[in-house]
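Peer 1: The structure follows.
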Amino acid sequence: RAISLLEKRDQFRGRSVLVTAGGTREPLDAVRFLGNRSSGRMGAALAAEARRRGAEVTLVASNLLVPAPVGVDVIQAPTADDMARETLARGDADVVVMAAAVADYRPAETAEEKRYKDDQPWTVTLEPTTDILRELGAGRDPGTRSVLVGFAADRGERGLERAREKLNNKRVDLIVFNDVSREDIGFDAADNEVVLVSESGERRIEKAAKEWIAAAILDEVAA
Ligand code: CTP
């Protein structure tokens with residue numbers, strides 16, 4: 001059944017929605033970091049759309065290159081560690097959407113000061129960060145009515161398969177798969193094209209502006 005715009009306005013009324021957005025930066029020293037190409041557009045669009053549908057929205061933001069939407073509570077989380085702390089502290093939201101590109105690894109050591117150059121190679125050891133999505137999934141009560149959404153930035157058909165595996169492995173309700181081997185969508189682009197993977201099947205959302213993709217994701221969450 002198609003629902004009217006008026007109904008949509010109140011679809012998430014009384015619900016708390018937590019969205020993470022952007023890309024973490026893991027400091028190497030006082031001025032350098034390891035980062036990624038996420039702009040935060042997809043997460044910002046999700047936060048805006050959830051707000052439009054009446055939700056109480058918290059945006060855990062990591063180095064956004066776009067403005068945060070008005071009317072949402074913004075928490076800054078520049079590193080994977082910050083993101084883990086701020087997100088896990090709010091994991092009891094009715095809906096949690098992990099749209100942020102969180103570093104899987106960070107430098108094992110960070111220099112307080114800027115490192116001076118010499119003629120030697122600089123070897124950096126990277127250590128794994130907390131997998132926030134996995135922790136959120138593991139901490140859920142059986143029979144909960146909350147909804148947990150993860151993203152999977154991967155490549156091609158094999159990537160889609162891995163996204164299906166993540167549903168069960170990480171105890172997530174919905175995985176939003178996008179193909180990062182394409183330049184025209186996903187990271188740092190205005191458009192996206194995704195496959196929504198859930199227990200009930202798969203739905204491909206054709207290439208569209210991230211605002212449109214955000215609406216499709218929230219339709220699925222509501223369903
Ligand atoms: N994620 C997370 N914590 C991390 C890294 C990623 O919660 N430390 C979340 C992302 O926000 C995203 C999801 O995990 O929602 C998928 O991340 P992705 O990099 O696609 O896959 P991984 O789980 O890291 O697995 P792999 O790298 O093996 O594909």
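Peer 1: Quick check: is even one residue across segment 179-196 touching a Ser or Thr at 6+ places or on another chain (Cβ under 7 Å), in contact (Cβ under 8 Å) with a residue 24 or more places away in the chain and not in a helix (DSSP H, G or I)? Steps first, please.
Peer 2: The initial filter retains those residues of segment 179-196 that are touching a Ser or Thr at 6+ places or on another chain (Cβ under 7 Å), namely 187-188.
From what's left, in contact (Cβ under 8 Å) with a residue 24 or more places away in the chain: 187-188.
Filter again for not in a helix (DSSP H, G or I), leaving 187-188.
Checked segment 179-196: at least one residue is touching a Ser or Thr at 6+ places or on another chain (Cβ under 7 Å), in contact (Cβ under 8 Å) with a residue 24 or more places away in the chain and not in a helix (DSSP H, G or I).
Peer 1: Grab the strands (runs of 3 or more DSSP E) fully contained in segment 1-113, keeping just those with 3 or more residues being open to solvent by less than 20 Å² (accessible area, probe 1.4 Å) and either among the charged types (D, E, K, R) or modelled with pLDDT of 95 or more (or both).
Peer 2: On the way: elements: 16-22, 56-62, 73-76, 95-98, 105-107.
Of the strands (runs of 3 or more DSSP E) lying wholly inside segment 1-113, those with at least 3 residues that are open to solvent by less than 20 Å² (accessible area, probe 1.4 Å) and either among the charged types (D, E, K, R) or modelled with pLDDT of 95 or more (or both) span 16-22, 56-62, 95-98.
Peer 1: Next up: I'd like to verify a number: residues in segment 134-160 that are within 11 Å of the ligand (Cβ to nearest atom), modelled with pLDDT under 95 and open to solvent by less than 30 Å² (accessible area, probe 1.4 Å), how many?
Peer 2: Summing the residues that are within 11 Å of the ligand (Cβ to nearest atom), modelled with pLDDT under 95 and open to solvent by less than 30 Å² (accessible area, probe 1.4 Å) in segment 134-160 gives 2.
Peer 1: What do you reckon, is V124 in a strand (DSSP E or B), open to solvent by less than 70 Å² (accessible area, probe 1.4 Å) and not small (G, A, S)?
Peer 2: For V124, the condition - in a strand (DSSP E or B), open to solvent by less than 70 Å² (accessible area, probe 1.4 Å) and not small (G, A, S) - is not met.
Peer 1: What are the pairs, 6+ residues apart or on separate chains, where a residue within segment 18-36 that is under 29 Å from G91 (Cβ atoms) has its Cβ under 7 Å from a residue that is surrounded by fewer than 21 Cβ atoms within 10 Å (Cβ to Cβ) and hydroxyl-bearing (S, T, Y)?
Peer 2: T24/T79; R25/T79; E26/T79; P27/T110
Peer 1: Within the group A99, A77, A84, which residue is touching a helix residue (DSSP H, G or I) at 6+ places or on another chain (Cβ under 9 Å) and within 23 Å of D179 (Cα to Cα)?
Peer 2: One residue alone meets the criteria, A99.
Peer 1: Among the residues of segment 86-111 satisfying the criterion of being within 13 Å of L34 (Cβ to Cβ), of a type outside the set (G, A, S) and without any contact (Cβ under 8 Å) to a residue 40 or more places away in the chain, which is nearest to the ligand (Cβ to nearest atom)? It would help to see each step written out before you state the result.
Peer 2: Filtering segment 86-111 for residues within 13 Å of L34 (Cβ to Cβ) gives 101-110.
Now drop any that are not of a type outside the set (G, A, S), which leaves 102, 104-107, 109-110.
Narrowing the set further to residues that are without any contact (Cβ under 8 Å) to a residue 40 or more places away in the chain leaves 104, 109.
Numbers: D104: 5, E109: 19 Å.
Restricting to residues being within 13 Å of L34 (Cβ to Cβ), of a type outside the set (G, A, S) and without any contact (Cβ under 8 Å) to a residue 40 or more places away in the chain, the top hit is D104.
Peer 1: Could you go through segment 196-213 and let me know if any residue there is over 28 Å from P67 (Cβ atoms) and within 13 Å of the ligand (Cβ to nearest atom). Spell out the reasoning first.
Peer 2: Here is the first cut: in segment 196-213, the residues over 28 Å from P67 (Cβ atoms) are 197-204.
Subsequent filtering for residues that are within 13 Å of the ligand (Cβ to nearest atom) retains 197.
Checked against the condition, which is being over 28 Å from P67 (Cβ atoms) and within 13 Å of the ligand (Cβ to nearest atom), segment 196-213 yields at least one hit.
Peer 1: List every residue pair whose Cβ atoms lie under 8 Å apart, where the two residues are 6 or more positions apart in sequence or sit on different chains, the first residue falls within segment 157-172 and is at negative phi, and the second residue, located anywhere, is more than 8 Å from the ligand (Cβ to nearest atom) and open to solvent by 100 Å² or more (accessible area, probe 1.4 Å).
Peer 2: L167/E199
The values are calculated or read from the model by the stated rules, or taken from the named source; none is laboratory data. Remember, it's a predicted structure, so these values are computed and weren't measured experimentally. All Cβ positions, even for glycine, are placed from backbone atoms using ideal geometry, and neighbour counts span all protein chains on display. Protein only, heavy atoms only, side chains kept; ligands, DNA and RNA dropped before computing areas. Shrake-Rupley method; radii C 1.70, N 1.55, O 1.52, S 1.80 Å.
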